[in-house]
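The values are calculated or read from the model by the stated rules, or taken from the named source; none is laboratory data. Remember, predicted model here, so these are calculated numbers, not experimental data. Cβ placement follows ideal geometry from the backbone for every residue including glycine, while neighbour counts extend to all protein chains displayed. Heads up: the accessible areas ignore ligands, DNA and RNA and are worked out on the full protein's heavy atoms, side chains in. Shrake-Rupley method; radii C 1.70, N 1.55, O 1.52, S 1.80 Å.
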Amino acid sequence: VYPYPVYAAGDPRKAGMLGGFTEYLLIKNAKLNHDLYLVPDELSNEVAAMTEPFTVATKAVKRTYPQEGESACVYGAGTIGLGAAIALQHFGCKKVMVVDHSNYRLKIASKLDFETVNSAREDLKKKQLNFFGQGMSLQGTEPKVDIFIDAVGNSEILQNYLDSTIVDSRMVLVGVDNQIKEIDLLKMTFASQSLIGSGGYRPDDVETVFNIFRENKDNIGKMVTKVEPWENLVDAIKLASDPYRSLNVQVKY
């Protein structure tokens, strides 16, 4: 089963206090399809274990109201970033680019058939223009991107988006950036840009993710770098903390 943490805690304020690395979790007064969801039988444990980050990613994508045939750029090739890229394809986006600094993670993104850019080593804007073509902007030459997902939480990513003034584009912030910002609302308004926050997820997102998993169960398994026995928990955490050597590391009891 998969527990929906907001309800499983019995008090939404305690949702972040459940679980951790415990082997067992008690859900009091459990209700099916409320605080517990049955994992589809055809999914492996490794795929099912990624339900939580995928629901966060899928909710972020839903917040953009993606349309069939649109194009998207995702910043961050971690589990949530790649989850967002896969969800964008699920909702009909035809061109999806993934940007990161880790060649290890970008190689996996490439295996999932996404266009990739290492923005620490390559000219990001040039590659965006080559892949997406030229779009409409209030100033300069900008790529034709409808949707941006920031799964990193880097202030520069947000500022570059706002400076681009790509008309009718929208950006969802799912990566955590706690820096206070100044935004030129007039320029943003003239460009009809949308800046959207996305925190957590909702119950209906769980079912959406299960559908995405059914469609992509073979590909999604490629995101798992290693499954460690619980006795090796410390080693697993160290590996998971290195984005240049890992993507998704799991602990098995």
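List of remarks:
- When VAL209, VAL227 are screened for being surrounded by 14 or more Cβ atoms within 10 Å (Cβ to Cβ), in contact with a strand residue (DSSP E or B) (Cβ under 6 Å, 6 or more places away or on another chain) and closer than 25 Å to PHE114 by Cα, only VAL227 passes.
For (1) surrounded by 15 or more Cβ atoms within 10 Å (Cβ to Cβ); (2) of a type outside the set (Val, Ile, Thr); (3) in contact (Cβ under 8 Å) with a residue 12 or more places away in the chain, each residue gets a yes or a no:
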| position | (1), (2), (3) |
| --- | --- |
| LEU88 | yes, yes, yes |
| MET97 | yes, yes, yes |
| LYS107 | no, yes, no |
| VAL145 | yes, no, yes |
| VAL176 | no, no, yes |
| GLU182 | no, yes, no |
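- Evaluation of VAL176 against (1) of a type outside the set (Lys, Arg); (2) in a helix (DSSP H, G or I); (3) at pLDDT below 95 (one fails), failing number: (2)
- Among the residues of segment 1-54, those identified as in a helix (DSSP H, G or I), closer than 24 Å to GLY199 by Cβ and open to solvent by 70 Å² or more (accessible area, probe 1.4 Å) are TYR7, PRO12, ARG13, LYS14, GLY16, MET17, GLU52.
- Matching option when the condition is farther than 21 Å from ILE220 by Cβ and within 21 Å of the chain's Cα centre (by Cα), among VAL39, VAL56, VAL6: VAL6
- Scanning segment 91-98 turns up at least one residue that is within 12 Å of the chain's Cα centre (by Cα), among the β-branched types (Val, Ile, Thr) and over 30 Å from VAL1 (Cα atoms).
- Residue check: SER192 meets all listed conditions (1) part of a helix (DSSP H, G or I); (2) modelled with pLDDT of 95 or more; (3) surrounded by 13 or more Cβ atoms within 10 Å (Cβ to Cβ) but one, namely (1).
- So GLU207, is it closer than 21 Å to LYS62 by Cβ, not in a loop (DSSP other than H, G, I, E, B) and not aliphatic (A, V, I, L, M): yes
- Considering segment 195-206, the residues that are open to solvent by less than 50 Å² (accessible area, probe 1.4 Å) and out of contact with any helix residue (DSSP H, G or I) (no Cβ under 7 Å at 6 or more places or on another chain) include one that is farthest from ASN178 (Cα to Cα), namely PRO203.
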